[in-house]
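Taking it in order: structure first as structure tokens, then the write-up.
Please treat every number below as a calculation from the coordinates, not as lab data. Remember, predicted model here, so these are calculated numbers, not experimental data. Positions of Cβ are backbone-derived with ideal geometry, glycine not excepted, and every protein chain shown enters the neighbour counts.
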Amino acid sequence: MKEIVVISGKGGTGKTSITASFAVLGGQDVVVADCDVDAADMHLLLQPEPIKTEDFYSGELAVINQDICTQCGKCFDVCRFDAITVTDSIHDVDELSCEGCGYCARVCPVEAITNIPLNVGKWHISKIKTGSTMVHAKLGIGADNSGKLVAKVKNEAKLIAEKEGKDYVIVDGSPGVGCPVVSSLTGASFVVLVTEPSISGLHDLKRVYELVAKFKLKAGCIINKADINTKVNLQIKEFLEEEGIVHIADLPYDENFTKAMTKGQTIVEYSDGYLKRTIIESWKIILQTI
Amino acid sequence: MKIAIASGKGGTGKTTLSTNLASLIAQTEKVVLADLDVEEPNSGLFLKTDLLHSEDKFKMIPEWNDSACTLCGNCQEVCNYHAVIQIMDSIMVFPELCHSCYACSELCPTDSLPMVPKKIGELKHSSTGDFDFIESRLVIGEEQAVPLIKQTLQYVDQNFDNDYIKFFDSPPGTSCPVIEATKDADFIILITEPTPFGLNDVILAIETMQELKKGFGVVINRYGIGNDDIIDYCNENSIPILAKIPNKREIAETYSKGELLFDKFPEVKTELAKIATYILALKTQLA
């Protein structure tokens, strides 16, 4: 079983539209994992019907029992996150600032503070329109730890793939280079970088590839909206060449991406033209490369 | 006054709006723009600036000093992040897991885990001639954006008084880095595109801002593609639409070169001016 992770560094380059197309092309051979738990969108194209839904707990939150609290201020003194608020000498916890380190509870002389496990979101196992399985999640509002929820989604997808004898897990990652991205890269067999020929696209590609290179992972790149800037397009190709990244394809700037999305379809279901053929070709190249 | 520019979805135009709006408003007001998307900072690519000052930013992590350590195991027990682990007769620290809470260090009976600084990023303060620009960038491999965002906001607070309009170009998403970047702002501009993805993600962002009890308005970028669902949604929920920036291939091309838009596209400037008017009215109201 191979794991294909699609990331982009920069947001809005077409990562999810392309990943969902691969999910449709892969059909019964793939299990899909939407690891962009922060702003998940793949469900809009693949129409998952949940078979199983579970709460996800990660990290803790300090809670002060006001009946016991003597307002000594020790919790306030040790908290490095400014999460203890004091109003009219009532000590309380700012839920958004608390990082659940538990230090306050350890130093409270009257044991007025307890740590409660935090529900940070839900995750689902669903059937999608190809008949295959998708694992996806929704992080709670402002929740922390998307790295751990990402790991959960990915591991569940892998377990299902192993159990059902599927050849591939295809992962839609999140933008950036922080914890959720690190989490989605862990254990990847191949990384697909989706970029666009803008100076931001190139800048972000270089940063995220630095991370991919740290993990010593094999990567390929799809340049979306390839024709909006020929100069930057060439710079991207030079970069790919230098770093030994497989150039998978150039996709044109095409508003059919949006039109397909508006219909709740992937581009390979919606159109029959050049774009569709190129994405089919890209999927073949990826399968040959890994 | 602090204005954060955010979006649920990535690539909807946060940086475009931040740089163009800051440049336009700086013609009449004192402005500072801070790029808080420390994982992938892009605002600087669109601005011609002179560097005024740069500094490394650190987070504090424990470092094991074995001379007095009795291997009592207290540090491992108090760390909720599994960042301090005792393996055989030594203590291992995993810096990327550490949240700098100081519990292991300060609760160690033999002071064997002093806190030491570890570089997590770099802050640059520069000037475009018209306004100040602050950018922080996370060292690749560092996983936590929040401590760097926090320190960048502190820098802005310490160096610019309330006369300034402070713009924060925020990271995408709705999780902890976004909360950190927006929680002290007076007003949030949520920028989205009129597509199903844009709508889905801006609703998440709206719910986040409602949870934070923040005032916010929506800017629609690439207006003309997709559909009008976002407009219906805003109208039904009484959410102000501050501007609609038109969809045009030439705009995407100009953006791709790293150029500002408002001088080239009068239709963009008109929309930015609407946002500027809104912000300035808000500033008067707050003062």
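Cα-Cα over 21 Å: which of A:Lys15/A:Lys138; B:Lys30/B:Lys248; B:Lys9/B:Lys57; B:Lys119/B:Lys183? Provide the component values of the computation, followed by the final result.
Values: A:Lys15/A:Lys138 18 Å; B:Lys30/B:Lys248 31 Å; B:Lys9/B:Lys57 28 Å; B:Lys119/B:Lys183 25 Å.
Result: B:Lys30/B:Lys248; B:Lys9/B:Lys57; B:Lys119/B:Lys183 exceed 21 Å.
With each label modelled as a point 7 angstrom along the Cα→C-beta vector, the A:Ile116-A:Asp94 pair spans 2.0 nm.
Under a Cβ-Cβ cut-off of 14 Å, what is the net charge of the residues other than B:Thr270 that fall near it, where Lys and Arg count +1 and Asp and Glu count -1?
Working: positive: B:Lys244, B:Lys248, B:Lys264, B:Lys269, B:Lys274; negative: B:Asp263, B:Glu267, B:Glu271.
Value of the local net charge: +2.
Across the cross-link table entries A:Lys129/A:Lys237; B:Lys2/B:Lys269; B:Lys166/B:Lys214; A:Lys148/A:Lys206; A:Lys10/B:Lys244, which are compared at the Cα atoms, the separations over 27 Å belong to A:Lys129/A:Lys237.
Taking H as built 1.01 Å from N, whose amide H comes closer than 5 Å to the amide H of B:Gly258, not counting residues under 5 places away? Sorted by chain and number, the residues that satisfy this are A:Ile199.
Between the beta carbons of A:Ile68 and A:Ile280, assuming R0 = 60 Å, the FRET efficiency works out to 0.40 to the nearest 0.05.
Pull up the DSSP beta bridges for the protein assembly as shown and report the antiparallel fraction as a percent, rounded to 5.
Numbers: 47 of 100 bridges.
Antiparallel bridges make up about 45 percent of those DSSP assigns within the protein assembly as shown.
Measuring nothing but how far apart in sequence close Cα pairs (under 8 Å, 6+ apart) lie, relative to its length, chain A scores a relative contact order of 27 percent. Of the residues B:Leu47, A:Leu139, the one with the fewest other Cβ atoms within 10 Å heads the list, and the complete ranking is B:Leu47, A:Leu139. Computed from the C-beta positions of B:Ile203 and B:Ile87 and an R0 of 51 Å, the FRET efficiency is 0.65 to the nearest 0.05. Within the same chain, aspartates and glutamates fewer than 8 places from A:Lys225 are excluded, and of the rest, those with a Cα less than 16 Å from its Cα are A:Glu196, A:Asp204, A:Asp250, A:Asp254, A:Glu255, B:Glu250, B:Glu253. Taking +1 at the Cβ of each Lys and Arg and -1 at the Cβ of each Asp and Glu, which of B:Tyr233, B:Gln86, B:Ala103 sits farthest along the dipole of chain B towards its positive end, judged by Cα position relative to the Cα centre? The residue sitting farthest along the positive end of the dipole is B:Tyr233.
What percent antiparallel are the DSSP beta bridges of chain A, to the nearest 5? Of those bridges, close to 50 percent are antiparallel. Charge tally around A:Thr266: other residues with Cβ under 11 Å, Lys/Arg +1 each, Asp/Glu -1 each, net +2.
Of B:Trp64, A:Trp123, how do they rank once you tally other Cβ atoms within 10 Å and put the fewest first? Intermediate results must be reported in sequence, preceding the final value.
On the way: B:Trp64 17, A:Trp123 21.
By the 10 Å Cβ count, ascending: B:Trp64, A:Trp123.
Among the trypsin sites (Lys or Arg not before Pro) in the range B:12-78, those placed in a DSSP loop whose Cβ has at most 13 other Cβ atoms within 10 Å are B:Lys48.
Per-residue Cβ counts within 10 Å, from other chains only, averaged over A:178-188: what number is that?
Mean shielding count: 3.
In debye to the nearest 20, how big a dipole does chain A give about its Cα centre with +1 on each Lys and Arg Cβ and -1 on each Asp and Glu Cβ?
Details: 30 positive and 39 negative charges, 186 e Å.
Computed about the Cα centre, the dipole is about 900 debye.
How many partner chain Cβ atoms sit within 10 Å of a residue's Cβ in peptide B:227-234, on average, as a whole number?
Numbers: counts 4, 0, 1, 0, 0, 0, 0, 0.
Per-residue shielding by partner chains comes out at 1.
Relative contact order of the range B:1-158, taken over Cα pairs closer than 8 Å and 6 or more residues apart, is 31 percent. Under 17 Å of direct C-alpha separation, and excluding same-chain neighbours fewer than eight residues apart, A:Lys52 reaches these aspartates and glutamates: A:Asp34, A:Glu156, A:Glu164.
Please state the relative contact order of chain B as a whole percent: Cα pairs under 8 Å, 6+ residues apart? Numbers along the way, then the final one.
Numbers: 557 pairs, mean separation 75.1, N = 287.
Relative contact order for chain B comes out at 26 percent.
Once the Cα-Cα distance is subtracted from the 0.36 nm per residue extended length, the A:Lys163 to A:Thr87 segment shows a gain of 21.9 nm.
In this structure, B:Phe58 and B:Thr277 have a Cβ-Cβ separation that, at R0 = 30 Å, corresponds to a calculated FRET efficiency of about 0.15. Among B:Ile251, A:Ile248, the ranking by other beta carbons within 10 Å of each residue's beta carbon, starting with the fewest, stands as B:Ile251, A:Ile248.
Each of A:Gly73, A:Gly140, A:Thr195 was placed along the dipole of chain A (beta-carbon charges, centred on the mean Cα), and the one lying farthest toward the positive end is A:Thr195.
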